[in-house]
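Remarks on the structure that follows.
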Amino acid sequence: MADKTYTAQQTAIIEAPLPGSLFLSGPAGSGKTTAAIGRLERLLAQVPGHQILVLVPQRSLGLPYQKFLQGHHTFAGSLPSIVTLGGLARRLTGMFWPLVGTPAGFRTPHLPPQFLSLETAQYVMSRVVDPKLEKGYFSAVTIDKNRLYSQIIDNLNKAAVVRFPLTEIAQRLKSDQNLDPAMLPALDQTQECALEFRQYCLEHNLLDYSLQMETFLGQVWPLPLCQDYFHTYFPHLIYDNLEEDVPAAHDLLGAWLPRSQSALLVLDEDGGYRTFLGADPFSAQALADLCQQQIHFSSVEEPIQPVQALNQALTACICHEPSPRSNPDFSPALVLQDYRFYPEMLSAVVARIKETIESGQAAPGEIVVLAPYLSDALKFSLTQLLEEQGIANRTARPSRMYLEEPAVKAVLTFAKLAHPGWELPVSHYELRDALMLALPGLDILRADLIVQTLYSPRAQSEGLKSFDALTNAPMQARISFAFGKKLEVLREWLEAYKNIDALPLDIFISRLFGERLSQKGFGLFADFDAAERIAQLITSVQSFRQFLTTTFGMDAVSTGLEFIRVVESGLLPAAFMSRREPPEDALLIAPAHSFLMENRAVAIQFWLDVGSLGWWERLNQPLTNPYILRREWQPGAAWTYTQNFDANQQHLQRMVAGLLNRCRSQVVVSSVQVNERGSEQRGPLLQAFQTLRKRSFVAREDHYV
C-alpha cells in the first residue's frame, strides 16, 4: 500500500475505521475498485484473510481482487473468499444439506444434492420439454430448442431471485401488450414446463440455480446455525458492483450489515447493465440508508475533458433534451464515419486502427472494437483483416456455443469417427474442416481431395483409408506426400484407438489432444487459445459424465454419445473463467455488453454499425421479459409499447454512458447504409449521432444552441 499513490478520496475509504459500514458510489473510472482493493490490503494486515468475504455479481468482476492477491507477494496468510451469491449459496447449502433437505421438499434428503450447471440444467429441461414439443407445445414459438430451454430456465431464475411464486410466471408475462395473441398459450405452457421441471428436480435431488437460491434463501439462511457460522467466518465484507446483482442479494446484505464488523459496499452510478439477468440498481441504491457512512466519488476533472463533454452531449441527444449551453468542445473525442457497405466499413476501421498504432496514439491493448452482437461473419472478417496487418487481437463472446469453436468442432468430429458404434454421421464438410485444423497449412482444395478420396460417409465405420495404400499416383501428388505423412500418423492413432476398449469422451479428447493434435507438426501445437477451449470442453464433458452416471445410471462411455447429441442440438456452454491472463498487447473485439462487464478503461473505442437496432433493443425473447419479472412490477399492470420504448431508451443511454466512462481519449463511430444482412437500419443510436452532428454544426455557426 505504501508503494501506491492514492487520492484523498481513496485514502479516506482505505483508512476509515474498520468497525463500521461504508457505502461508496460514483461513476465508472472514478477509482472505487482501487479504493476497495486498498481497503482489502489494510484488512489483510490486521485480520486473517479467510475472515474476509469479497462478493461480486459475476466472476469476471472479481478479477481485480484476484490479480491483487496474486501480485501481493509479501502476503502469506489465508486468502479471502471471492465469490458470487450463487457460489456462496451452493457452498452453504451443501454444508447444511442434512438440516434442510426434508423441509425443502426433496424426495431423498438422505442422499447428497446434485448441483446443476447451465448445461446439465438444459439437459434436464430437455427431458421435460421435448415430449411436450411432440404434442404440439410451443407451436407459435419460432426459436431454437436451446433458446427455448434457456428462457424457461431464465423465468425460474428470476422467480427465485425476485421472490415470487412460479405459479405467477404466465400471469406476469401475459401483461405484455406487445405480444402476438397467438403467443398467449405458449406462456401457459412455459409455466407448466417450469413447474414440471421443478418437481423433477425435487424428486431427483437436483438443484439448478433457481432451486439452489430458493433453498438457500428459504431454508438454509434462516437457520440460526448458518447465520452464526457465516458471521463467525466472514465478519468483514466487501461487495463490489452491487448494482449488477439481484434483489435477493441486496435483501441478504441488509440482513448481514447489522452483525458485520466492517462492510464496504461499492456501487457504479449509471450501472445496471445486467438488468436482463435480474440486476436491480434501485434495490442496490436503497442499501445506502443501512450503512453508517455514505461517500461519493467524482471523476469530473476541471476543465471537463472532451470524452466527458461528449458523454453529456450525446446523452442529451438520446434523451431528446437540449444541450447544455456551456457544453465544452468534444470534437477531439469523436470521429464520425459513414460508409455504404459493411465490408467497406471493416476495411476502413482496420486501416485506421493500423494508423493509430503506428502513430503511437494507442497500443493494441488500449483499443477495443465494439458491436451490439459479434456474429461469426463479423468475427472472422475482422480477425482476418487485423491479422493481415499483423495486429494482435482477441475476442470476447461469452454466449458462444461449443460447436462454433473450430477446435471443439474438430475434436468432436474425430470422436465420432473413432466411435463408429455410436452411429453419429460425419459429413464431408465436418471432416474437411477438422483435417484443415489438424494439419497446419492444409488448404481447402487438398482437404477436399483427401475427404473425397479417402473417406465415404456411407462407409463411415471404415474410417479414413490409408494414404499410403492409394493407388492413384497423380492424386497422391496433388494431395502431397508431406500432408499424406501427417495424415497417416493421425489415421493410425484413430485406428489404434478403435482396437482398444472405448474410453469416456473426456479421456479420449484429452489423449487425442495431448498425443497428437498438440504435438509439433499438428494444428494445435502452441495454440494456447485452442488449448484453453479444449480444456473447457474436457471439464464440461467430465461434469456431464459424472452427472449422467450419478443421476441416470448411464455408463461412462455412453455419456459421450449423449453429450455430442446434446451439443449438436445447440447446448449452451456454462461460462468459464479463462485460466490465462488475456494478452495485454492484444486488441479486443467484443459485444458492447461484454466489454462493460470487463470493467476497465481503454484509450480508443471503435463502435461498428451504430444504425443497428441491436444497440437499442434487447434480444428477441418471446417467453420471458426482464422488466415484467422484476420486483417493482405491480399485479394487474400492463407492459405497453410506450414502456417498452422508454426501457430501450434508458438501456441505450445507460450503455452509452458506461462505454464513454470507460474511454480515455477518443471514440470512432462508424455507420453503414447497408448492413451485413443487406438491409438498411437507422436505429436510435444513429439518430442520436445525427442530432449531435446537427447541433455541433449550429453551434459552430451561431456559437449558441
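Quick note: the coordinates plus some simple rules give every number you see, no bench work behind them. Computed from a predicted model, the values in this text were never measured in an experiment. Cβ: placed from backbone, ideal geometry, glycine included. Neighbour counts: every protein chain shown.
3J(HN,Hα) couplings calculated from phi for segment 596-608 with the Karplus curve 6.51 cos²θ - 1.76 cosθ + 1.60 (θ = phi - 60°) are, in sequence order, 4, 6, 6, 6, 9, 9, 10, 7, 10, 10, 10, 9, 9 Hz; Gly and Pro show x. Cα convex hull, segment 402-568: 103 Å³ per residue, rounded to a whole number.
Where does the charge balance sit around GLU134 when Lys and Arg score +1, Asp and Glu -1, over other residues with C-beta under 13 Å from its C-beta?
After counting each charged neighbour, the total is +3.
Can you tell me the equivalent ellipsoid semi-axes for segment 190-231? Use √(5λ) from the Cα gyration tensor, largest first, whole Å. Walk me through the intermediate numbers first.
Details: eigenvalues 141, 18, 10 Å².
For segment 190-231, the ellipsoid semi-axes come out as 27, 9, 7 Å.
For ALA170, the shell of other residues with beta-carbons less than 9 Å away shows a net charge of -1, using +1 for Lys and Arg and -1 for Asp and Glu. Note on HIS428 and THR549: the extension gain reaches 40.3 nm, defined as 0.36 nm multiplied by sequence separation minus the Cα-Cα distance.
Once you've got the Cα coordinates, tell me which of LYS379/LYS498; LYS67/LYS520; LYS379/LYS409; LYS379/LYS694; LYS379/LYS486 are over 26 Å apart. Mind showing how you got there, number by number?
Working: LYS379/LYS498 37 Å; LYS67/LYS520 33 Å; LYS379/LYS409 17 Å; LYS379/LYS694 33 Å; LYS379/LYS486 30 Å.
Result: LYS379/LYS498; LYS67/LYS520; LYS379/LYS694; LYS379/LYS486 exceed 26 Å.
Which residues does a label at GLU404 reach in segment 147-176, if reach means a backbone N under 19 Å from a point 7 Å past the Cα toward the Cβ? So the set is 147-152, 154.
Stretched out straight at 0.36 nm per residue, the stretch from GLU680 to GLN261 would grow longer than its current Cα-Cα span by 145.1 nm.
Where the centre of each part is set by its Cα atoms, how far does segment 625-669 sit from segment 112-127, in angstrom? Going from one Cα centre to the other spans 31 Å. The calculated FRET efficiency for the pair PHE525 and GLN452, based on their C-beta separation and a Förster distance of 45 Å, comes to about 0.95.
Which whole-number percentage describes the relative contact order of the chain, with Cα contacts under 8 Å and a sequence gap of 6 or more? Don't skip to the end; give the middle numbers.
Details: 1035 pairs, mean separation 146.3, N = 705.
It comes to 21 percent, rounded to a whole number.
Electrostatic tally near MET345: other residues with Cβ closer than 12 Å to its Cβ, Lys and Arg +1, Asp and Glu -1, net -2.
Computed FRET efficiency, Cβ-Cβ of THR642 and ASP180, R0 25 Å: what is it to the nearest 0.05? Let's see the in-between values first.
Values: r = 18 Å, r/R0 = 0.74.
According to the calculation, E is roughly 0.85.
Counting every C-alpha pair in segment 604-705, the share spaced more than 19 angstrom apart comes to 57%.
For Rg/Rh (Cα atoms, Kirkwood Rh), computed directly from the structure shown, the correct entry in (i) 0.98; (ii) 1.01; (iii) 1.06 is (i).
Assuming R0 = 25 Å, what is the FRET efficiency of SER569 and GLN171, from their Cβ-Cβ distance, to the nearest 0.05? E(calc), rounded to 0.05, equals 0.20.
With 0.36 nm allotted per residue and the present C-alpha distance subtracted, the ALA348-ARG600 stretch has 88.1 nm of extension available. With the cut-off at 23 Å, report for segment 189-297 the share of all Cα pairs above it, as a whole percent. The proportion of pairs with Cα distances above 23 Å equals 42 percent. Based on alpha carbons, the Rg and Dmax found for segment 112-214 are 13.3, 44 Å.
Tell me the mean residue ellipticity at 222 nm calculated for the chain from its helices only (DSSP H runs of n ≥ 4, each -39500 (n - 2.57), averaged over every residue, nearest 500).
On the way: 27 runs with 331 residues, N = 705.
Only helices count here, giving -14500 deg cm²/dmol.
Over segment 329-427, all Cα pairs binned in 10 Å intervals from 0 give whole-percent P(r) values of 11, 34, 27, 15, 9, 3, 1, listed from short to long.
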